[in-house]
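Structure first, then comments.
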Amino acid sequence: MDRSIKQQVRDLLQERDERSLFELCEKDSRFWKELRFLLYTLDERLRWSAIEAIARYMKHLWQKGKTEKVREYIRSLFWSITDESGGIGWSAPQTIAEIIVNIPE
């Protein structure tokens with residue numbers, strides 16, 4: 001029996017199996033959506049695992065030549081922290097910072 005997507009993402013983060021997580025995110029956008037959703041969890045350890053994994057996933061995409069996808073995601077993070085967006089922007093500054101650490105260029 002398959003585990004739920006939510007549980008699979010959490011398990012992979014806990015196991016630090018980012019390779020498998022990245023493969024799932026590329027194959028099925030629901031995994032990427034769940035990973036992004038964890039930026040809003042109240043479990044600080046899980047949230048930081050998600051922040052770090054997202055940053056490394058962006059590095060993975062960058063190295064594969066999908067630079068525009070990375071730029072679009074960073075723009076969406078910046079947008080989420082502006083007053084105009086009406087969004088919350090939780091964890092956006094931390095995620096942007098981790099992406100910059102992983103992709104300094």
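Kirkwood Rh, the chain, all Cα pairs: how many Å? Before the final figure, lay out each step's value.
Values: mean 1/r = 0.0715 Å⁻¹.
Taking the inverse mean of 1/r over all distinct Cα pairs, the chain comes out at 14.0 Å.
Testing the spin-label approximation: label points 7 Å from Cα along Cα→Cβ at residue 5 and residue 23. State their distance in nm. Each label point is offset 7 Å from its Cα along the Cβ direction, giving 1.9 nm.
Pairs of Cα atoms under 8 Å, at least six residues apart: use those to get the relative contact order of the range 5-102, whole percent.
On the way: 88 pairs, mean separation 23.2, N = 98.
Computed value for the range 5-102: 24 percent relative contact order.
Mind listing which chymotrypsin sites (Phe, Trp or Tyr not before Pro) in the range 16-105 are in a DSSP loop and have 15 or fewer other Cβ atoms within 10 Å? Walk me through the numbers on the way to the answer.
Numbers: sites: 22, 31, 32, 37, 40, 48, 57, 62, 73, 78, 79, 90; in loops: 90.
Loop-located and lightly packed - 90.
Only Lys, Arg, Asp and Glu carry charge here, each on its Cβ (+1 for the first two, -1 for the last two); on that basis the range 5-102 has a dipole of about 240 debye about its Cα centre.
One decimal place: the segment residue 71-residue 83 gains 2.3 nm when fully extended, by the rule 0.36 nm per residue minus the C-alpha distance. The lysines whose alpha-carbon is closer than 25 Å to the alpha-carbon of residue 64, local same-chain residues fewer than 8 away aside, are 27, 33.
Throughout, read-outs are computed from the coordinates displayed, never taken from laboratory work. The model shown is predicted, which means the values in this text are computed figures rather than measured ones. Using ideal geometry, Cβ is built from the backbone for each residue, glycine included, and neighbour counts are taken over all protein chains shown.
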